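Encoded as structure tokens, the structure appears first; notes follow it.
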Amino acid sequence: MRAWLKTVVAVAGQMLFPHHCYLCNEILLPRQRLCPDCAAHAPYILPPVCDRCGRNEDDCHCGGHSRHYARCVSPFYHKDQARRGILYLKEQNIAVTARGFAEAMAETVRREYGGITFDGVVSVPMHKKEWQQRGFDQAAALAKALAKRLEVPYTPVLKKLTHTVPQKELTAVHRRGNLLGVFDVVGEVAGGTYLLVDDVTTTGSTLDECAKMLKIYGAKEVYAVTAAAALLKKDES
């Protein structure tokens with residue numbers, strides 16, 4: 001196809017099926033990923049970042065505490081434009097939002113985990129009751145889109161056995177106990193290195209419990225990535 005014809009087709013496609021900013025849903029110009037306002041003011045997490053929790057070193061209160069996952073990284077803080085984008089993803093099942101976040105997550109993974117070879121991308125699972133209520137698994141959507149961009153298999157080997165109170169409704173002290181015995185592994189993971197995916201991390205308790213189960217079943221190493229990370233006060237970490 002000649003270059004001019006490709007351009008015409010691309011412009012026509014954009015007019016009929018316009019691209020949208022994955023953080024605010026505004027219509028974009030061709031080749032834009034974010035609208036100018038989101039691109040300029042989104043709450044990016046930029047280096048230098050903590051080599052445990054992935055937050056900028058000035059915002060880190062994790063104290064270097066050991067987890068069952070080696071590290072967690074995120075492209076955004078869970079506030080402002082990124083928080084709005086996560087709400088679009090959770091409440092409206094907007095596919096472009098999952099793809100946009102996955103692209104940002106992929107860039108962060110390449111920057112922070114560039115020397116690591118992953119055997120699979122695993123999503124934090126949703127219980128069937130939660131799926132029935134929402135009709136959409138945002139962590140799985142992010143993980144599938146991310147796996148495609150990283151050219152790593154999506155491996156849904158985790159299962160949530162029981163329905164739990166949402167973590168966001170609990171204090172940091174109660175989050176870990178809320179998840180004990182909740183997850184199981186339903187596939188072969190022995191000897192592998194896995195990238196664990198969720199939409200938002202706060203204290204890291206959910207990721208930690210999932211990573212624990214993967215390692216109990218023989219995973220060699222687990223790294224984590226989320227679309228956004230909550231900013232915590234020192235006593236919330």
### Message
Tell me whether segment 59-218 comes out rounded, prolate or oblate; compute the Cα gyration tensor, take square roots of the eigenvalues as a ≥ b ≥ c, and use a/c under 1.5 as the rounded threshold.
### Response
rounded
#### Entry: Net length gained if the chain between Glu151 and Cys24 were fully extended (0.36 nm per residue, minus Cα distance)
43.0 nm
### Query
Per residue, how much accessible area does segment 18-157 have with a 1.4 Å probe, in Å²?
51 Å²
### Task
Can you check what the net charge comes to around Tyr88, using other residues whose Cβ is under 14 Å from the Cβ of Tyr88 (Lys, Arg +1; Asp, Glu -1)?
+1
### Summary
Correct semi-axes for segment 28-154, from √(5λ) of the alpha-carbon gyration tensor and rounded to whole Å with the largest first, are 23, 20, 16
#### Entry: Positive-end extreme of charge dipole, segment 194-237 - chosen from Ala227, Met213, Val197 (charges on Cβ)
Met213
### Query
If you take the beta carbon distance between Arg33 and Thr117 as r and set R0 to 35 Å, what does 1/(1 + (r/R0)^6) give as a FRET efficiency, to the nearest 0.05?
0.85
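The values are calculated or read from the model by the stated rules, or taken from the named source; none is laboratory data. Keep in mind it's a predicted model, so treat the numbers as computed, not measured. Methodologically, a virtual Cβ is constructed for each residue, glycine included, from the backbone with ideal geometry; neighbour enumeration extends over all protein chains shown. Just so you know, the surface numbers come from the protein's heavy atoms only, side chains and all, with ligands and any DNA or RNA stripped out. Shrake-Rupley method; radii C 1.70, N 1.55, O 1.52, S 1.80 Å.
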